[in-house]
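Below you'll find the structure, written out as C-alpha cells, and then a few comments.
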Amino acid sequence: MSACCQERTVDQGQLDQILQLYQGQPSALIEVLHQVQEIIGYLPREVQGKIAKALGVSRGEVYSVVSFYSHFTIKPKGKYQVCMCKGTACYVKGSPEILDRFEKELGIEAGDTTDDGKYSLEVVRCLGACGLGPVMTVNGNAHGLLKPEKALAVLKKYV
Ligand code: FES
C-alpha cells in the first residue's frame, strides 16, 4: 500500500531522535525531510525550523528543498486520503479522467488538501491491483473498476 494512504500522528520523541541522529549534518537534509514527513505526514514550518537548526542549515534552504520536491508537503493530510493510481494499467483504463473529475469536484489539484481538511488527493504509480484498474484507495481501502461517476459516488460515501 502506498505510504500516502497511511494514517500518521505526530511523535515528538521520534522527531527528536531523528534530529539528534543527524545533528550538524547539512548533507542529510533530504534524508531527514523524508524521515520526518514519514512520521508526521507533512512538514509544518515550525518543524522545518527545528530541522534547519539541528542540521546547521538556513530555514530558507530547508524551505527551498521542501518546495522543490513535489513529494514533500507543508499541509497536513485530509481526514480522507484519496490516492488515485496513474500507473500504466490504470492510466490506459481512464484514471486521468477520474483524477480530473476529482480535481474539479474538490477544487484542489493532486498533492493538495481541501480547505476544510476533509480530503487530500494524491497520485500514485501502481497500487498492485492492475487487473482492477482504474484503482484508487481512500484511507487505504481499495476501490477498483472505476469510472468517473462511480469514483465520485465512492468519494461521497466518505463524509
Ligand atoms: S497500474 Fe494501477 S494498480 Fe497497477
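The values are calculated or read from the model by the stated rules, or taken from the named source; none is laboratory data. Not measured: the values here are computed from a predicted model. We place every Cβ from the backbone using ideal geometry, glycine too, and count neighbours over all the protein chains shown. Accessible surface areas use protein heavy atoms only, side chains included; no ligands, DNA or RNA. Shrake-Rupley method; radii C 1.70, N 1.55, O 1.52, S 1.80 Å.
In summary, residue 34 fulfils each of the numbered conditions (1) under 18 Å from residue 156 (Cα atoms); (2) part of a helix (DSSP H, G or I) with the single exception of condition (1).
Remark: residue 99 falls outside the filter, which requires a residue to be in a strand (DSSP E or B) and of a type in the set (A, V, I, L, M, F, W, C). For the range 102-119, a residue qualifies if it is open to solvent by 40 Å² or more (accessible area, probe 1.4 Å), touching a residue at least 12 places away in the same chain (Cβ under 8 Å) and over 19 Å from residue 70 (Cβ atoms), and the qualifying residues are 105, 118. Here residue 99 meets the list (1) open to solvent by 60 Å² or more (accessible area, probe 1.4 Å); (2) within 16 Å of the ligand (Cβ to nearest atom) almost entirely, failing just condition (1). Scanning the range 141-148 for any residue that is closer than 26 Å to residue 73 by Cα and surrounded by fewer than 17 Cβ atoms within 10 Å (Cβ to Cβ) turns up at least one such residue. Scanning the range 63-76 for residues that are open to solvent by less than 50 Å² (accessible area, probe 1.4 Å), more than 14 Å from the ligand (Cβ to nearest atom) and more than 30 Å from residue 18 (Cβ to Cβ) turns up nothing.
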